[in-house]
Amino acid sequence: MLASRQLLGVARSRAAAGLGRRCMATATENPLDRKVKQNLLEEGNFINYKKMSENLAVVRSRLNRPLTYAEKILYSHLDNPHEQDIERGVSYLRLRPDRVACQDATAQMAILQFMSAGMPSVANPTTVHCDHLIEAQIGGEKDLERAVNINKEVYDFLASACAKYNIGFWKPGSGIIHQIILENYAFPGGLLIGTDSHTPNAAGLGMAAIGVGGADAVDVMANLPWELKAPKVIGVKLTGALNGWTTPKDVILKLAGILTVKGGTGAIVEYYGEGAQQLSCTGKATCGNMGAEIGATTSVFPYDKAMFDYLVATKRTEIAEFAKTYQKELQADEGAEYDQHIEINLNELEPHINGPFTPDLATPISKFAQAAKDNNWPEEMKVGLIGSCTNSSYEDMTRAASIARDALNHGLKAKSAFVVTPGSEQIRATIARDGQLQTFEEFGGTVLANACGPCIGQWDRRDTPKGTPNSILSSYNRNFTGRNDGNPATHSFVTSPDLVVAMSVAGSLYFNPLTDTLKDKDGKEFKLQPPTGAGLPERGYDPGQNTYQAPPADRNAVQVQVSPTSDRLQVLSPFNAWDGKDATDMPILIKAQGKTTTDHISMAGPWLKYRGHLDNISNNMLIGAINAANGEANKVQNFTTGEWGAVPAVARDYKAKGIRWVVVGDWNYGEGSSREHAALEPRHLGGLAIITRSFARIHETNLKKQGMLPLTFSDPADYDKLNPDDKVDILCTELAVGKPITMRVHPKNGKDFEIKLSHTFNEAQIEWFKNGSALNTMAKNAKAN
């Protein structure tokens, strides 16, 4: 904590001195009164530390206890701090975020929903980032050119809508949304919501950045308070310092092993301790980014020198200095209590590799080769992939390049296929100038476009036939079955860029660079040297090409481009309101067993092109979920015909016949991506309720927003009492805050019985259900006013 205290002392002394230029300030002037812009790209959007400080003063007077840093950020953004109920894990907070960010795949539906609200402009600063629709195939320039041609209709829609509604637009090739946010928009103590689950990447700059569905984004764009169940706070104390082959990625890989994919649900992870100060800003961002894989609402780090230095390096010195004046509130209060506490000693932390098929199966490198042998994981490492939003900082790239250069100096190149994904145009241009990109190419690497690419399944992989077991190793964040390449037999592992490069040289899962040797071009044995790199570029960042489109000064003449005959964009129609009755005799469309992520519910990859067309993308609904009736995916029985068919086809048949249906799911249903299509599609195809053992946070909220009923078994064991061919009644008229709902079950063979279902609806959310959706409620309230 010494460095933190020293920084605070500097902040206080500078405040007392009037922050240099303001030496004539009066004794009564508040240093938080300064007007400091949120970023260099927008006029009129300022960091309001004064308002945040005032809100915190109100909350302190009410709670009379020390606050964690996570609480400070949230409570400083309360819509009504005087009257807001505040109880961690219980209350629903009504918040006023500073910003909204959308990636192009989710922005389509978010903007279509915003358009239906009839407002002339977004009410809060918003940006759209084109990163998801670029498929990796050949290499950066050609892939980008092909994507611009294929997706022209979508890009034209987004560019025109952004110009019309005063939204900043980052063109294809700009980079991944989370990198762009960190480089340009994140600031300490801020609150941002983004329509992507890895939005918490902005933790690197001490910001609470939270992944949401598009409907939540629309609320904030329309100037409504954003609602979040008050998270619990998990304190993670980092001691010691990283050394050798260990990286910030290993912190979150280790934590994922401790907490599992659902251990962070409903909580914010708050890092602190002297070890946290040892991590670079971008290293902290890596930890925040992959915190999504443990279900965390977001992650935060207290403001420190590493963040200050990064802000200065990205030409935001004024923000860095302003944050110093607010330093006291950019860290936890002394004595703040956490709901759960974990300690990780960085001195003892080993490099980790997590997977396959789930990001929480954590194995230290010292035990990985044996685990691979014991589990019969394919030994040959077919492809090594570095980059993505999780690990493509300058520090990541320089360390990785140092390993590649060491191998090259011994006459070796990558034995595995090797792929590099720069996280942003700024990173690409900087490592091109400084030589790391050339090193990767000499090493045998293919440099992809500045986009998500294989990390989200945008990968036209041709080296391995579908169904062939194989192993790939990446520095990505997520490795669910089939996610990267659409091949369910691919064993995908996530780790640091350092281990990806080192193991690409050997081409084997059995290689441990910390202990094992390689043979150089002359047959002599050698060990790879531990990686070295720079946290920030000595010569500063090269911004590269300018890919930002600011909204025009005069937006009146701008026309939003949506073709009525498009198969990729579809103007939305409102969902029907609840009929006020109980729903009876409904079939179970599918009883899903095991892991059911949003990838299973609404796949990405080739389906991304339909993210703006609800009816077309609904043809992928639940096609990846495993049916408990037969152990197969995308094969369910239509009770009206007795025939077996694809899940979307059977749902469409039920809808055409006026039959409502439900889905039954297992634990942590809807984990993974924030995609709201996983909620929109069941609603569009006639579903009423999703009934599970438990939900992932974002998906549960998305379902509520679309007028669905996300319900959980009050007794999780009741999941086993339901058969896929049962019929059910849902007593919707019982829906009330804090009270369970009754489900009557009509077995095909046997006596009827009842099951109690729990929910987390509050009064406002019940109105969403009654009106048919949150958007319908917004429109209804607008008419009333």
Tensor-based shape of region 189-249 (alpha-carbon gyration tensor, a/c under 1.5 rounded, otherwise prolate or oblate): prolate
Normalised per residue, the volume of the convex hull around the Cα set of region 598-699 (Å³): 94 Å³
Overall Cα dimensions of region 224-274 - principal axes, largest extent first, Å: 48, 23, 18
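Kirkwood hydrodynamic radius, region 209-327, all distinct C-alpha pairs: what's the number in Å? Don't skip to the end; give the middle numbers.
Details: mean 1/r = 0.0636 Å⁻¹.
Kirkwood radius, region 209-327: 15.7 Å.
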Cα Rg, Dmax (largest Cα-Cα span) when computed across region 493-605, Å: 28.0, 80
Dipole of region 320-446, positive end: most advanced residue of PHE418, TRP377, GLN327 [Cβ charges, Cα centre]: PHE418
Phi to ³J(HN,Hα) by Karplus 6.51 cos²θ - 1.76 cosθ + 1.60 over region 621-636, Hz, x for Gly, Pro: 4, 6, 6, x, 6, 8, 7, 5, 6, 9, x, 10, 9, 6, 8, 10
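Run the helix sum for the chain: -39,500 (n - 2.57) per DSSP H stretch of 4+ residues, divided by residue count, reported at 222 nm to the nearest 500 deg cm²/dmol.
The helix-only estimate for the chain comes to -9000 deg cm²/dmol at 222 nm.
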Charge dipole of the chain about the Cα centre (unit charges at C-beta), most positive-ward option of ALA313, THR481, ALA651: ALA313
Region 552-593 - accessible surface per residue (Å², probe 1.4 Å): 63 Å²
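Would you work out the relative contact order for region 697-777, in percent, from Cα pairs under 8 angstrom that are 6 or more residues apart?
Values: 128 pairs, mean separation 29.2, N = 81.
About 36 percent, as a whole number.
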Sites matching chymotrypsin sites (Phe, Trp or Tyr not before Pro) across region 73-154 that sit in DSSP coil, with at most 11 neighbouring C-beta atoms within 10 Å: none
Amide hydrogen neighbours beyond the local backbone of ILE353, cut-off 5 Å, H modeled: THR363, ILE365
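With charges set only on the Cβ (+1 for Lys and Arg, -1 for Asp and Glu), what does the dipole of the chain come to about its Cα centre, in debye to the nearest 20? Kindly include the intermediate steps, with their values, before the conclusion.
Details: 82 positive and 87 negative charges, 169 e Å.
Charge dipole of the chain: 820 debye, to the nearest 20.
Between GLU442 and ASN45, what length in nm is gained on full extension when 0.36 nm per residue of separation is reduced by their alpha carbon distance? Write out the running numbers ahead of the final one.
Working: separation 397, 0.36 × 397 = 142.92 nm, distance 4.46 nm.
Computed gain between GLU442 and ASN45 is 138.5 nm.
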Cα coordinate range in the chain, projected on the principal axes (Å, largest first): 74, 71, 54
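For region 562-670, which whole-number percentage of the solvent-accessible area (1.4 Å probe, protein heavy atoms only) is attributable to carbon and sulfur atoms? Spell out each step's value before the answer.
Working: 2320 of 4560 Å².
Solvent-exposed carbon and sulfur of region 562-670 make up 51 percent of the total.
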Distance between region 520-542 and region 621-641 - C-alpha centres, whole angstrom: 50 Å
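Probe of 1.4 angstrom, ligands and nucleic acids ignored: what's the accessible area per residue over region 143-213, in square angstrom?
Working: 1260 Å² over 71 residues.
Each residue of region 143-213 exposes 18 Å² on average to a 1.4 Å probe.
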Carbon plus sulfur fraction of accessible area for region 253-381, probe 1.4 Å, in percent: 44 percent
Under-5 Å amide H pairs with GLN103, H placed in peptide plane, nonlocal only: HIS129, THR195
Environment charge of ARG539, counting only residues whose C-beta is closer than 11 Å and scoring Lys/Arg +1, Asp/Glu -1: -2
Net charge over other residues, Cβ less than 12 angstrom from the Cβ of VAL59 (K, R count +1; D, E count -1): -2
Amide H partners (placed H, <5 Å) of GLU227, local residues excluded: LEU95
Percent RCO, i.e. relative contact order, over the chain, from Cα pairs under 8 Å lying at least 6 residues apart: 13 percent
Furthest towards positive pole of dipole, GLY173, PRO120, ALA110, structure part region 85-228, Cβ charges: PRO120
Cα centroid separation, region 187-202 to region 162-182 (Å): 14 Å
Lys, Arg +1 and Asp, Glu -1 on Cβ, resulting dipole of region 152-275 about Cα centre, debye, nearest 20: 220 debye
Sorted peptide list for 592-604, 552-564, criterion being average Cβ within 10 angstrom, highest first: 592-604, 552-564
Set of lysines near LYS727 by C-alpha distance (under 25 Å), chain-local residues within fewer than 8 positions excluded: LYS581, LYS591, LYS595, LYS635, LYS655, LYS657, LYS704, LYS739, LYS748, LYS751, LYS756, LYS770
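Send over a whole-number figure in Å² for the accessible area per residue of region 365-516, probe 1.4 Å. Before the final figure, lay out the partial values.
Working: 4450 Å² over 152 residues.
Each residue of region 365-516 exposes 29 Å² on average to a 1.4 Å probe.
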Residue-wise HN-Hα coupling along region 69-75, computed from phi with Karplus coefficients 6.51, -1.76, 1.60 (Hz; x: Gly, Pro): 5, 4, 5, 4, 5, 5, 5
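For VAL558 and ARG65, compute 0.36 nm times the residue count separating them, minus their Cα-Cα distance, and round to one decimal in nm.
Length gained, VAL558 through ARG65: 172.3 nm.
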Length-normalised contact order of region 366-440 in % [C-alpha pairs under 8 Å, at least 6 apart]: 38 percent
Of every Cα-Cα pair in region 267-369, the percent that sits beyond 19 Å: 55 percent
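The values are calculated or read from the model by the stated rules, or taken from the named source; none is laboratory data. Source: prediction; values computed, not measured. We place every Cβ from the backbone using ideal geometry, glycine too, and count neighbours over all the protein chains shown. SASA here: full protein model, heavy atoms, side chains in, ligands and nucleic acids out. Shrake-Rupley method; radii C 1.70, N 1.55, O 1.52, S 1.80 Å.
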